[in-house]
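Q: Here it is: the structure, laid out below.
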Amino acid sequence: MPLNHLLFRNIVKGHRTEPAPASDAHAAAELARGAPGAGLGRSLALRVVDCGSCNGCELELHAATGPAYDLDHLGLHVVASPRHADALVVTGPVSANMEPALRRTAQAVPRPNRVVALGDCAGDGGCFAGTYAVKGGVGQILPVDLHIPGCPPTPTRILAGLRALMDRER
Amino acid sequence: MMMGRATLMEVLSLGRPVAGARPWPRVVLDDRAWRALVGHMAVADWVLLAEWGGPDEVHVALRDEETGEIAIATRASADRRFFALGPVRPGAIRLERAIRDLWGLAPEGLEDQRPWLDHGHWPVHHPLGAASPPQPARPYRFLAAEGEGLHQVPVGPVHAGIIEPGHFRFHVQGETVVRLEARLGYVHKGISAAMAGQTPAGAARVAGRVSGDSTVAYALAFAHAVEAASDCSPPPRAVWLRAVLAEIERIANHVFDIGAICNDAGFPLALSEASLLREMLLRANESLFGHRLAMDRVIPGGLACDIDEAGAALLAATLTRFGKRFQRLVALYRDTPSLLDRTIGAGVVAGALVYRFGAGGFVGRAASRGVDARKVPGYPPYDQLDFVIPVRAEGDVDARIEIRIAEIRISLDLLARLLAGLPSGPVAAAVPRAAGEGLGVVEGFRGKILVWVRLAEDGTVAQCHPHDPSWFQWPLLEAAIEGNILADFPLCNKSFNCSYSGVDL
Ligand code: SF4
């Protein structure tokens, strides 16, 4: 039966998850410049909010949570509710139509917490900056602790950035 | 008014053809001729391809199924209104609501006058047309359902997990969904405004970000449109390599979605396998073309990347390994009865609705509608390659998975032939700076993507409108979930995997 075969195969000669990248030095420096945050522990719960992304950043976030990169083995996991989150990961240039939902989601996250702007759009609006429909980056709405650049950032870059978030909390 | 059977071109002969519109004609109609067109549409077999606004004009792209002719009809609308197509083509309803929100042109005769993209948060009203001060947001009236024991379940815009935002309003009786209505527009970022005034190269970057999962397909449709408008022919090698990138994108999306659908049926092992399969392709993209999603590789005039013989051989070998491993995923899906129990008979879309809305892609092909832009209208290099278009009749989640399985196999086969027959030569041609209009039609993994562009005298983009296949698929999801249990919504939704970003613009 293929199910058993596959499970057996994966156990015996399964795919190896990529070795985790070292935490990003730029990201660590960026975090150090910010306000000193209370320790959040070494296992962080992330709530992802798409605020006008083209969905490219979501694809790479999916890849980062998948078996090839496996966010979870670093102690990071994506949660379904902002109430369970330590950090908000925001993608997209922040469309005006998502701004109220972003604010409400941010309010629902318990304090202390972190805000991560993921992708070039979340940084400054990317190639959508300046239109009537976008706010031009997460920083226009919430204080941002960390920006992970890239369009979209690769899973390795996402892991390296998020690791910096954890290292600082040690 | 003409009576009886008339072809699309006969009806459009009442209007004034526009010079410089390529490769298909565009004809400007006055109000009377436009009404005659709509009157004919009620009885004619003309497929609505896209409808969009402009300064004081509304455009509709149509294809006459009997003659195969494609044409754009334009209603010059100095009076800022137009006779709506929604009553004869339900797929046009949301398009016309969006035209009113963006351009301020009023669709006359449209029953649904609620806003669509404008949620009352923009600094201007009718931002692309005669902009005026914003109007305060009014509560959105969802369609009602009444009956004993009915209750509403509002979901979104922020969803659990990593997914795009949108609001779903369910009316349920016990576990059963009686009505679903989606409200979208949350990720509207002003794509048309972001493209206007840019050079074709600059606007191509934006085109490749209309819906990131279809970045190659959008960049290709945009390139086709610009090349048509400026009368530029990309070199043969670019044409073939573009198809290589496009087929890799199709496979990568299909395989991941197959896994994600199984995951939503409570079978994460398939997602895990599918993610690794997808990863194989993205890594090949990165090492050979310099970007995991191949963003910004397709440019007007050709390609921004090339591969050498060793690269082509490496890619072919990767695809062979992929094919073998993919067989195991297929076997896993087909031999897991508890999984099939969830997918067979769930989320059925009636073929009649698919035709009524003109839905394409795997949603259409899983419910009897055999359409594929690579065949009709067709574009190179596919006109030189033999391949079949898989079609099923069941219209359920399983049929949509099976169509995708078949399409992956066909794309793998196409890729082998594309890589074996790559013409030599340059990969890009210069795009002449000239005024003109062009329409590009490309088959993305979801279905037909249209991009219409108008270039100004200096060669910059005066206006561009991208049309996503999801416009005609979202409404069918609402129909497909009716009578299913609420808990099956994620499964049905994923089996459609419509784009939010692509339709929100
Ligand atoms: S940063 Fe790039 S990939 Fe991410 S949402 Fe913006 S355009 Fe898309």
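Q: Kindly establish whether B:Ala430 is surrounded by fewer than 18 Cβ atoms within 10 Å (Cβ to Cβ) and not hydroxyl-bearing (Ser, Thr, Tyr).
A: Yes, satisfied.
Q: Would it be correct to say that B:Ala462 is small (Gly, Ala, Ser) and over 20 Å from B:Trp52 (Cα atoms)?
A: When the stated conditions are applied, B:Ala462 does not pass them.
Q: Which of the strands (runs of 3 or more DSSP E) found entirely inside region B:20-131 contain at least 3 residues meeting this: under 20 Å from the mean Cα position of the chain (by Cα)?
A: Output list reads B:46-54, B:57-64, B:70-76.
Q: If you scan region A:102-121, which residues turn out to be more than 15 Å from the ligand (Cβ to nearest atom) and either in contact with a Pro (Cβ under 7 Å, 6 or more places away or on another chain) or among the hydroxyl-bearing types (Ser, Thr, Tyr) (or both)?
A: Of everything in region A:102-121, those that are more than 15 Å from the ligand (Cβ to nearest atom) and either in contact with a Pro (Cβ under 7 Å, 6 or more places away or on another chain) or among the hydroxyl-bearing types (Ser, Thr, Tyr) (or both) turn out to be A:Thr105, A:Ala108, A:Val109, A:Val115.
Q: Would a scan of region B:284-293 turn up a residue that is touching a residue at least 60 places away in the same chain (Cβ under 8 Å) and assigned by TED's automatic domain parsing to the domain that holds B:Thr215?
A: Yes, some residue in region B:284-293 is touching a residue at least 60 places away in the same chain (Cβ under 8 Å) and assigned by TED's automatic domain parsing to the domain that holds B:Thr215.
Q: If you scan region A:66-78, which residues turn out to be closer than 19 Å to A:Leu146 by Cα and either within 11 Å of chain B (Cβ to nearest Cβ) or among the aliphatic types (A, V, I, L, M) (or both)?
A: A:Leu71, A:Leu74, A:Leu76, A:Val78
Q: So, one more: Being more than 25 Å from B:Pro268 (Cβ to Cβ) and either more than 16 Å from the ligand (Cβ to nearest atom) or not in a loop (DSSP other than H, G, I, E, B) (or both) narrows it down to one of A:Glu99, A:Glu18, A:Glu60, so name that one.
A: A:Glu99
Q: For region A:67-87, state whether one or more residues are in a helix (DSSP H, G or I), within 16 Å of the ligand (Cβ to nearest atom) and either open to solvent by 20 Å² or more (accessible area, probe 1.4 Å) or within 30 Å of B:Ala131 (Cβ to Cβ) (or both).
A: no
Q: Spot the failing condition for B:Gly360; the list is (1) open to solvent by less than 20 Å² (accessible area, probe 1.4 Å); (2) at negative phi; (3) out of contact with any strand residue (DSSP E or B) (no Cβ under 7 Å at 6 or more places or on another chain), and only one is missed.
A: Condition (3) is where B:Gly360 drops out.
Q: Counting only residues that are within 12 Å of the ligand (Cβ to nearest atom) and in contact with a Pro (Cβ under 6 Å, 6 or more places away or on another chain), which one in region A:45-57 is nearest to the other protein chains (Cβ to nearest Cβ)?
A: A:Gly56
Q: Do you know which residues across region B:324-362 are in contact with a Cys (Cβ under 8 Å, 6 or more places away or on another chain), within 14 Å of chain A (Cβ to nearest Cβ) and hydrophobic (A, V, I, L, M, F, W, C)?
A: Within region B:324-362, just B:Leu339 meets the criteria.
Q: Within region A:91-123, take every residue that is more than 9 Å from chain B (Cβ to nearest Cβ) and free of Cβ contacts under 8 Å to residues at least 24 places away in the same chain and give me the one that is surrounded by the fewest Cβ atoms within 10 Å (Cβ to Cβ).
A: Of everything passing the filter in region A:91-123, A:Arg111 is surrounded by the fewest Cβ atoms within 10 Å (Cβ to Cβ).
Q: When the residues of region A:1-29 are filtered to those that are modelled with pLDDT under 80 and of a type in the set (D, E, K, R), which remaining residue is least open to solvent (accessible area, probe 1.4 Å)?
A: The extreme case among them is A:Arg9.
Q: Here's something else I'd like to know. Among residues belonging to region A:122-170 that are within 29 Å of B:Ala294 (Cβ to Cβ), of a type in the set (Ser, Thr, Tyr) and not in a helix (DSSP H, G or I), point out the one that is farthest from the ligand (Cβ to nearest atom).
A: Within region A:122-170, the match that is farthest from the ligand (Cβ to nearest atom) is A:Thr131.
Q: Which of (1) part of a helix (DSSP H, G or I); (2) within 13 Å of another protein chain (Cβ to nearest Cβ); (3) buried (at least 21 other Cβ atoms within 10 Å of the Cβ) does B:Arg321 not meet, given it meets every other one?
A: Of everything listed in (1) part of a helix (DSSP H, G or I); (2) within 13 Å of another protein chain (Cβ to nearest Cβ); (3) buried (at least 21 other Cβ atoms within 10 Å of the Cβ), B:Arg321 misses just condition (3).
Q: Can you name the residue in region B:150-168 that is buried (at least 19 other Cβ atoms within 10 Å of the Cβ) and of a type outside the set (A, V, I, L, M) and, of all such residues, is farthest from A:Val48 (Cα to Cα)?
A: B:Phe168
Q: Which of the residues belonging to region A:96-135 are among the small types (Gly, Ala, Ser) and more than 18 Å from the chain's Cα centre (by Cα)?
A: Those that are among the small types (Gly, Ala, Ser) and more than 18 Å from the chain's Cα centre (by Cα): A:Ala96, A:Ala129, A:Gly130, A:Ala133.
Q: Somewhere in region B:466-475, is a residue more than 20 Å from the chain's Cα centre (by Cα) and assigned by TED's automatic domain parsing to the domain that holds B:Pro381?
A: Looking for residues that are more than 20 Å from the chain's Cα centre (by Cα) and assigned by TED's automatic domain parsing to the domain that holds B:Pro381, one finds none in region B:466-475, hence no.
Q: For a quick check of your reading: which helices (runs of 4 or more DSSP H) sit entirely within region B:454-505 and have at least 2 residues that are under 22 Å from B:Ala92 (Cβ atoms)?
A: Here the list reads B:474-481, B:501-504.
The values are calculated or read from the model by the stated rules, or taken from the named source; none is laboratory data. These numbers were taken from a predicted model, which means no experiment stands behind them. Quick reminder, even Gly has a Cβ in these numbers, built from the backbone with ideal geometry, and neighbours come from all protein chains shown. Please note that ligands, DNA and RNA were not included when accessible areas were found on the heavy atoms of the full protein model with its side chains. Shrake-Rupley method; radii C 1.70, N 1.55, O 1.52, S 1.80 Å.
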